[in-house]
Amino acid sequence: MADADRSGSQPAAAPVAAPAPTAPATADPGALGLAALAMTTFVLSWFNAGLINGAVGYVVLPLAFFYGGIVQVLAGMWEFRRGNTFAATAFASLGAFWLAYWGYVGGVVPHLMQEPQLYQATGLFLLAWTIFTVYMTMAALRTNGAVLGVFATLSLTFLFLTIGAFAQSTDWIRIGGWVGLITALVAWYASFATVANSTWKRTVLPVWPLS
């Protein structure tokens with residue numbers, strides 16, 4: 001009887017804990033956001049620089065709405081998902097800029113063409129975005145050289161366009177257009193580097209980390 005008790009009183013096995021669910025990986029949306037910024041800025045800057053007749057400048061509006069606007073906002077939301085405060089703020093805000101630009105140029109300006117102070121409204125609109133890009137440039141000092149280059153040139157673009165709007169100067173607007181073309185090229189490089197380095201799993205194109 002004692003033998004039976006000893007053989008039948010084995011301790012129960014401890015329950016095995018179920019593995020914790022892992023969140024699905026989110027690809028780096030930075031390349032997408034930078035590409036959207038680059039292309040939309042590139043197209044608009046051709047008109048600002050006076051390289052193409054501004055009479056057909058409305059061609060930028062669909063691009064501003066879909067690629068520069070919606071796609072950049074989505075990139076910003078994905079950056080929030082990844083916990084990247086800088087990139088989330090940058091892409092969501094600049095996406096909102098392009099959506100606001102689409103609404104302002106396509107819906108507001110045509111109704112205010114006869115207002116003599118329209119240039120002041122445009123200048124104020126651009127000034128607000130100049131302030132935003134300048135303080136984002138300061139934050140970009142802790143990212144990498146490619147991103148810093150994007151925000152430094154973008155800040156100058158907004159600054160020159162703001163001066164041009166308030167002064168009603170086509171010369172300043174053209175300068176802003178040329179700097180905008182440089183901004184687009186720098187943003188395309190940053191996007192290309194992000195895509196290439198991620199795809200090849202090594203540094204193909206440098207971005208010069210600053211932190």
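What follows is calculated from the coordinates using simple rules that are stated; it is not laboratory data. The structure displayed is predicted, hence computed values, not measured ones. Here the Cβ is made from the backbone with ideal geometry for all residues, glycine too, and neighbour counts use every protein chain on show.
Give the stretch 194-211 a look and list any residue that's over 9 Å from LEU34 (Cβ atoms) and touching a residue at least 12 places away in the same chain (Cβ under 8 Å), or say none.
Selection gives VAL195, SER198, LEU205, PRO206, VAL207, TRP208, PRO209, LEU210, SER211.
Any idea which residue in the stretch 159-198 is surrounded by the fewest Cβ atoms within 10 Å (Cβ to Cβ), counting only those that are within 15 Å of the chain's Cα centre (by Cα) and within 15 Å of PHE47 (Cα to Cα)?
If we take residues in the stretch 159-198 being within 15 Å of the chain's Cα centre (by Cα) and within 15 Å of PHE47 (Cα to Cα), then ALA184 is surrounded by the fewest Cβ atoms within 10 Å (Cβ to Cβ).
Considering only residues that are of a type in the set (A, V, I, L, M) and within 16 Å of ASN84 (Cβ to Cβ), look in the stretch 25-36 and name the one that is nearest to the chain's Cα centre (by Cα).
Of everything passing the filter in the stretch 25-36, LEU34 is nearest to the chain's Cα centre (by Cα).
Check the stretch 141-152 and report whether any residue there is part of a helix (DSSP H, G or I), of a type in the set (Ser, Thr, Tyr) and touching a residue at least 12 places away in the same chain (Cβ under 8 Å).
No, the stretch 141-152 contains no residue that is part of a helix (DSSP H, G or I), of a type in the set (Ser, Thr, Tyr) and touching a residue at least 12 places away in the same chain (Cβ under 8 Å).
Identify, from the list THR122, THR194, the residue that is among the polar types (S, T, N, Q) and over 19 Å from ALA100 (Cα atoms).
Values: THR122 fails: over 19 Å from ALA100 (Cα atoms).
The conditions single out THR194.
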